Amino acid sequence: MNSRMNSWFIFLITTVLCMVSIWIPDARSARKLPIVRIGIIKDGPTGRLPDITPLVKEQILELTTREFDVRFPEAKSLDGNWEKAEIERSVDKLLSDPEVDLVITLGYLATNYVCHEGPLPKPVVAAIVADAKLQNLPLKDGGSGVKNLCYIDSFVSFERDIKVFHEMIPFRKLVVLASGNAVDSIPWLAKKLSQTAYEYTFDIDIVPVGHSADQALAAFHSDTDAVYLMPLPQMTPGEFRKLTYGMILRKLPSFSMLGGDDVEAGVLASVAPKDQFLRITRRIALNVQRILLGEDASTLKVAFPLGERLTINMATGRAIGFYPTWSTLTEADLLNEKVERVERRLSLESAVRESLAANLDLAVENRNVAAGEESVKQARSVLLPRVDLDAKGEVIDKDRAEISSGATPQRSVIGAVTATQLLYDEDSWSNFTVEKNLQTSRQEQRNTVEIDIIRNTAVAYLNVLRAKTLERVEKDNLKLTRANLERAQVRVSVGIANRSEEFRWESKIATDRANVLFAQATTRQSEIALNRLLNRPLGERFITTETELGDPLLIVSNPRLFPYVDNPRNFRTYSDFMVTVGLDIAPELLGFDAAISAQKRILLRAKRAFWLPSFAAQGSVSEVLAESGEGQRSDSPLDDTDWRVGVFATFPLAEGGGKFATIKRAREELSRIQLEKGATSERIEQRIRSTLHQASASYPNIRLSRSAAQAARRNLDLVTDQYVRGLVSIVDLLDAQNSSLRADQDAENAVYNFLIDWMDVQRAAGRFDFLMTPEQREEYFQNLAEFFKKAGVEPIKR
């Protein structure tokens, strides 16, 4: 009953609250917000560049809707029709208009004009800056320092662009295409561009451009090596495509100040990011909000680095005969690249199985085994019947023929067939037995090479994965250094650092780019090494499948193994188990067993040589095929066919002491092989136990190194934040970044170090878990449990 009443009570209260929320007016809607009218000035009608005006309005309204009633009167949105005088008149008109509370300039020329006007009567957000340094924009303590003025410096730099462009293509004559209005509005532009050209030892030609691509193309002289494009906003998209096509036909490399959009349109390269204007809109809205909330526009920080990333249009590059260098490729994004389609995919297991089928070293051993099979057959053939076919033609003197009574005619042709069978020959039987044992030894030698190939292939595959991972780490570090350079530029702009910090980061970028090149070379080298083991073309590319600790093909990833190795006592017993298994199946020891059997048979043969003769049976049939002269068989009682059968015994009575020497030598050889087997057995056991201890150390190092990497990354984030705020020096950030890099490398290396150590364990033990069938895995764990049971050790299941 109480529960039902409580439910009704809750329903009643909820209903009342809903009715109240419907009928009582929202207090916020009742409060009247301050009205703010914003004027916008553009250089001209929309050309090839995106019109960000709608997005700017949307962002501003989104940020200020609860605090201000922001309006954008249609009559207060002006453009200067790409005319310098008209642009300046429009700016002055909005600045003097009492019905405009704040002005936003969305054009290069309008921004340049208002930034050089000195103190302003009302707040202005000058949003579109080409190159703040080149334009001599005011800067004081990170802000403009000019009353009511704030602008947005995205750190686009003509000098930086030229440095990158000149590294790509060492041109000697550069044409700079600039808006004619920009050349008129910035009288010192030509001088500054010439200073940069002098620094890099090339000639420069500044060409004012309006709406026409033909006008720009006509200004190219025969000695022009390259073209640099400053913002050309008044061009239509069609004219700009015509311009880029004309430069391609003339085989002229080009570089754009604006960025990725121009590269997509056919310009060869740029370091400015794509869609930079869209990214600026949020900053415009934030600056407007801060000004409306009472902050001084002159103190708002102007730095707004958008980052830089070299983008290259490879379709344009191919058309003009350009291909980037290794150094350039370390940071470049390639558009329209002809990516080689790689069909070949490899995993750890497939790589190993492919090497077993195709490796040349293993193929050599296979041929050796095949040749040994024939040696065994050859040794056996001596023990089987032998049949010889003979034929002879003979002439003897007449008197001997006469007295032979037909046995030997004066002239005759005789054919004979002889069959021989060894009844017993110790040397032949011993040689046959020895060859069979040697063949077993050859097979075990082949098995030894096979497990070496498996180990080497697995390690080579893991080295490819390691190299690719470390290459990615180096590239990430290069990106971080590039970001830190941008942070340093911000620090310089706000006056808490000097330009030496920029140069220090530029130096580190060069070092990091070299490290990326070395990392890429290591990746290619590791791929070549793997291809050699697989007997594939050494330069052939392939896609790898990541192998991790959790790979179900690895026994080490099976939780059933953990209770057997999780403490020192169990680990010692597990090591004994691995030694027992390894010694039982080691092909090196099996090969020695075969060699010992062969040598024992040789020793037995040497002993039997003192008393055992050789026995053989032989029979032959001969036929006189033709005869003439004296002593013919036709004149005697003999027919044309002769035959004989006999049994022979051979025994070498004295060999000058050779038999005794043979026995002594056989005994010494047998002793040598037995000792060598014992030494090999010790080495195998040492290798098994040593590799197990190595793996037992490298496995927990994975977790420790990952923890260290996470701590180093958190420290780097903290120091980076403090560096941006001016609380620590560049030395502190460099140290934190280097520590984080080393920790990341150690963390990635730790995984592959353990996997390689585990491959060494399996090579030492002579068996690889990722090649086992499910039945063999189950048998492995059953044998392991039985071994622990016999040892009186009970694994603790946690």
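Show the residue pairs meeting these rules: Cβ distance below 8 Å; 6+ apart or different chains; first residue within segment 172-183 and over 16 Å from Ala110 (Cα atoms); second residue of a type in the set (Gly, Ala, Ser) and part of a strand (DSSP E or B).
What qualifies is Lys173/Ala226; Leu174/Ala226; Val175/Ala226.
Yes/no matrix, rows are residues, columns are (1) part of a loop (DSSP other than H, G, I, E, B); (2) surrounded by 19 or more Cβ atoms within 10 Å (Cβ to Cβ); (3) modelled with pLDDT under 90; (4) not hydroxyl-bearing (Ser, Thr, Tyr):
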{"site": "Asn463", "(1), (2), (3), (4)": "no, yes, no, yes"}
{"site": "Leu480", "(1), (2), (3), (4)": "no, no, no, yes"}
{"site": "Val490", "(1), (2), (3), (4)": "no, yes, yes, yes"}
{"site": "Ala514", "(1), (2), (3), (4)": "no, no, no, yes"}
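Identify all residues within segment 76-92 that are over 16 Å from Ala126 (Cβ atoms) and free of Cβ contacts under 8 Å to residues at least 24 places away in the same chain; write none if there are none.
Ala85, Glu86, Arg89
In the list Gln674, Gln710, which residue meets the criterion of being within 17 Å of Gln599 (Cβ to Cβ) and part of a helix (DSSP H, G or I)?
When all the criteria are applied, what remains is Gln674.
Limited to segment 739-797, what total is found for residues that are in contact (Cβ under 8 Å) with a residue 60 or more places away in the chain and on the phi > 0 side of the Ramachandran plot?
1
Is it the case that Phe788 is surrounded by 18 or more Cβ atoms within 10 Å (Cβ to Cβ), assigned to a helix (DSSP H, G or I) and aromatic (Phe, Trp, Tyr)?
Taking the combined requirement at face value, the residue satisfies it.
From the list Glu779, Glu794, Glu748, which residue is acidic (Asp, Glu), open to solvent by 70 Å² or more (accessible area, probe 1.4 Å), out of contact with any strand residue (DSSP E or B) (no Cβ under 9 Å at 6 or more places or on another chain) and in a helix (DSSP H, G or I)?
The unique qualifying residue is Glu779.
Could we say that Thr662 is at pLDDT 90 or above and hydroxyl-bearing (Ser, Thr, Tyr) here?
So Thr662 fails the test.
Does Ala332 count as closer than 29 Å to Ala458 by Cα and of a type in the set (Gly, Ala, Ser)?
The answer is no for Ala332.
Pick from Leu292, Leu334, Leu300, Leu310: which is open to solvent by less than 60 Å² (accessible area, probe 1.4 Å), in contact with a strand residue (DSSP E or B) (Cβ under 9 Å, 6 or more places away or on another chain) and without any contact (Cβ under 8 Å) to a residue 24 or more places away in the chain?
Leu334
Got a sec? Which of Glu349, Glu365, Glu354, Glu374 is over 30 Å from Gln439 (Cβ atoms) and either among the acidic types (Asp, Glu) or open to solvent by less than 90 Å² (accessible area, probe 1.4 Å) (or both)?
Matching residue, one of Glu349, Glu365, Glu354, Glu374: Glu349.
Pick out the one residue from Glu337, Glu354, Glu343, Glu374 that is of a type outside the set (A, V, I, L, M) and over 23 Å from the mean Cα position of the chain (by Cα).
Glu374
What tally of residues in segment 174-195 results from selecting those that are in a helix (DSSP H, G or I) and under 13 Å from Lys133 (Cβ atoms)?
Residues flagged as in a helix (DSSP H, G or I) and under 13 Å from Lys133 (Cβ atoms) within segment 174-195 amount to 4.
Could you list, in sequence order, the residues of segment 627-675 that are among the small types (Gly, Ala, Ser), open to solvent by 50 Å² or more (accessible area, probe 1.4 Å) and within 26 Å of Leu389 (Cα to Cα)?
Ser634, Ala649
Restricting to segment 91-111, give me the number of residues that are within 22 Å of Asn136 (Cα to Cα) and open to solvent by less than 10 Å² (accessible area, probe 1.4 Å).
7
Is at least one residue of segment 268-276 assigned to a helix (DSSP H, G or I), open to solvent by 10 Å² or more (accessible area, probe 1.4 Å), at pLDDT 90 or above and polar (S, T, N, Q)?
No, because not a single residue in segment 268-276 is assigned to a helix (DSSP H, G or I), open to solvent by 10 Å² or more (accessible area, probe 1.4 Å), at pLDDT 90 or above and polar (S, T, N, Q).
Of all residues being of a type outside the set (A, V, I, L, M) and over 9 Å from Ala666 (Cα atoms) in segment 596-611, which is least open to solvent (accessible area, probe 1.4 Å)? Just the residue, please.
Checking each candidate, the answer is Arg601.
So, in segment 138-171, of the ones that are assigned to a loop (DSSP other than H, G, I, E, B) and either hydroxyl-bearing (Ser, Thr, Tyr) or free of Cβ contacts under 8 Å to residues at least 24 places away in the same chain (or both), which residue ends up nearest to Leu292 (Cα to Cα)?
Ser144
Go through Ile396, Ile414 for me and flag whichever is out of contact with any helix residue (DSSP H, G or I) (no Cβ under 9 Å at 6 or more places or on another chain), over 24 Å from Leu771 (Cα atoms), free of Cβ contacts under 8 Å to residues at least 40 places away in the same chain and surrounded by 15 or more Cβ atoms within 10 Å (Cβ to Cβ).
One residue alone meets the criteria, Ile396.
The values are calculated or read from the model by the stated rules, or taken from the named source; none is laboratory data. The structure displayed is predicted, hence computed values, not measured ones. Don't worry about glycine lacking a Cβ; one is built from the backbone with ideal geometry, like all the others, and counts go over all protein chains shown. Quick note on the areas: whole protein, heavy atoms, side chains included, nothing else; ligands and nucleic acids left out. Shrake-Rupley method; radii C 1.70, N 1.55, O 1.52, S 1.80 Å.
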